[in-house]
Amino acid sequence: MKLDRSFFNRDTIMVAKELLGKVIVRKYGSVELVGRIVETEAYTGYLDKGSHTYNGKRTNRTEVMYGEAGHLYVYLNYGMYNLTNIVTNEKNLGEAVLLRGIEPISEIEEMSKNRFKKSYEELNSYQRKNFSNGPGKLSMAMNITRDDDGKDLCSFEDVYLRDDGYKNFSIVESKRVGIDYAEEAIDFLYRFYIEGSDYVSVK
DNA sequence: AAGATGATTACCT
DNA sequence: GGTAATCATCTTG
C-alpha cells in the first residue's frame, strides 16, 4: 500500500516512528530501487534548536519545510552530501523527518554503482558495512539529490513510499546525531531505529 | 562581497 | 581515536 498525504500530515514524532519498516521506491530510467527505512530523526521546527526551522526561521532553502506534508526536502550538507528528508505535519510548522538508514531491498547492484561506481560483488567488507547506514550514504545509493528537493511523494511518480506489511521489530529511541550546537535539544529522544538492523548509522 | 559554518563521510593511526 | 574534504547557504557589513 502506498503512503498518502494523510500518513505524512500528522505529528512528526509519530511519523518518524511509523516510517520505520516502510520502503522507499525510487524510479529513474529503467530501474526501480527499493530500500527499507531503518533509521529516522524528527525535526520539529519552532521549539527545536536542532531544526533548520528553529524559531520560525524562514529562508529560501527551508521554504519547502513549511509547505505541504509528503514532499521531499533535500539539502546539501558539508558541501558534499545530499540529505533526504520528508516534510511532515501541518503546513507552516516547518517540520520534517530525516532518513538516516535504509536496508537495500531491490536493485542492490544499481545502488552499489551509485554509491561506489562498482558492482556489489567487488565491494570490500568495509564498503558493504557502510553501504547505506547514514543520511548521505543512503541518498547516494538511492540517487536522491537536490534536484529532487520539493518533489511530492504522494504523486507516486519517480519517488514514493510504500507499506509492505513489515512490522515485527522493536524501535529504539535515542538522541540525534551531529547537532552539538543545539543546547537542550541535543538531549531530545528524536532518533528512532529498528533494533538489531545492520543499516543503522550509530548504535 | 566576504567570512563562517555544517542534520557527514572516508580515510588514517 | 582524529581530521580533511568541499561548497551552498546564511550572516554580517
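The values are calculated or read from the model by the stated rules, or taken from the named source; none is laboratory data. Worth saying up front: this structure is predicted, and the values here are computed from it rather than measured. Glycine also receives a Cβ, built like all others from the backbone with ideal geometry; neighbour counts cover every protein chain displayed.
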Might you check whether a residue that is touching a residue at least 60 places away in the same chain (Cβ under 8 Å), among the charged types (D, E, K, R) and surrounded by 16 or more Cβ atoms within 10 Å (Cβ to Cβ) occurs anywhere in the stretch A:101-109? yes
Scanning the stretch A:35-76 for residues that are hydrophobic (A, V, I, L, M, F, W, C), away from DNA strand C (no atom under 15 Å from the Cβ) and under 30 Å from A:Tyr166 (Cα atoms), the one nearest to the chain's Cα centre (by Cα) turns out to be A:Ile37
Which of the residues spanning the stretch A:139-176 are part of a loop (DSSP other than H, G, I, E, B), under 19 Å from A:Met14 (Cα atoms) and either modelled with pLDDT under 95 or within 16 Å of DNA strand B (Cβ to nearest atom) (or both)? A:Lys175, A:Arg176
Pairs, please: C-beta under 9 Å, at least 6 apart or cross-chain, first residue within 15 Å of A:Gly134 (Cβ to Cβ) and in the stretch A:71-92, second part of a strand (DSSP E or B) and away from DNA strand B (no atom under 11 Å from the Cβ)? A:Thr84/A:Ile24; A:Thr84/A:Leu72; A:Asn85/A:Leu72
Picked from the stretch A:177-203 (must be touching a residue at least 40 places away in the same chain (Cβ under 8 Å) and outside any loop (DSSP other than H, G, I, E, B)), the residue surrounded by the most Cβ atoms within 10 Å (Cβ to Cβ) is A:Tyr193
All positions within the stretch A:54-76 that are farther than 22 Å from A:Asp187 by Cβ, within 11 Å of DNA strand B (Cβ to nearest atom) and out of contact with any Asp or Glu (no Cβ under 8 Å at 6 or more places or on another chain): A:Arg61, A:Thr62, A:Leu76
Since A:Lys17 meets every condition but one in (1) free of Cβ contacts under 8 Å to residues at least 40 places away in the same chain; (2) assigned to a helix (DSSP H, G or I); (3) surrounded by fewer than 19 Cβ atoms within 10 Å (Cβ to Cβ), which condition does it not meet? (1)
If A:Thr59 satisfies all but one of (1) farther than 16 Å from A:Leu19 by Cα; (2) in contact with a strand residue (DSSP E or B) (Cβ under 9 Å, 6 or more places away or on another chain); (3) of a type in the set (Val, Ile, Thr), what's the number of the condition it fails? (2)
When residues of the stretch A:78-90 are limited to those that are closer than 12 Å to A:Met140 by Cβ and within 9 Å of DNA strand B (Cβ to nearest atom), the one surrounded by the fewest Cβ atoms within 10 Å (Cβ to Cβ): A:Met80
Restricting the stretch A:43-53 to residues that are within 9 Å of DNA strand B (Cβ to nearest atom) and not charged (D, E, K, R), the residue that is surrounded by the most Cβ atoms within 10 Å (Cβ to Cβ): A:Tyr43
Counted residues, the stretch A:114-157 - those being of a type in the set (Lys, Arg) and under 30 Å from A:Val64 (Cα atoms): 4
Consider A:Pro104 against the criteria (1) farther than 17 Å from A:Val25 by Cβ; (2) in contact with a helix residue (DSSP H, G or I) (Cβ under 6 Å, 6 or more places away or on another chain): it satisfies all of them except one. Which criterion is unmet? (1)
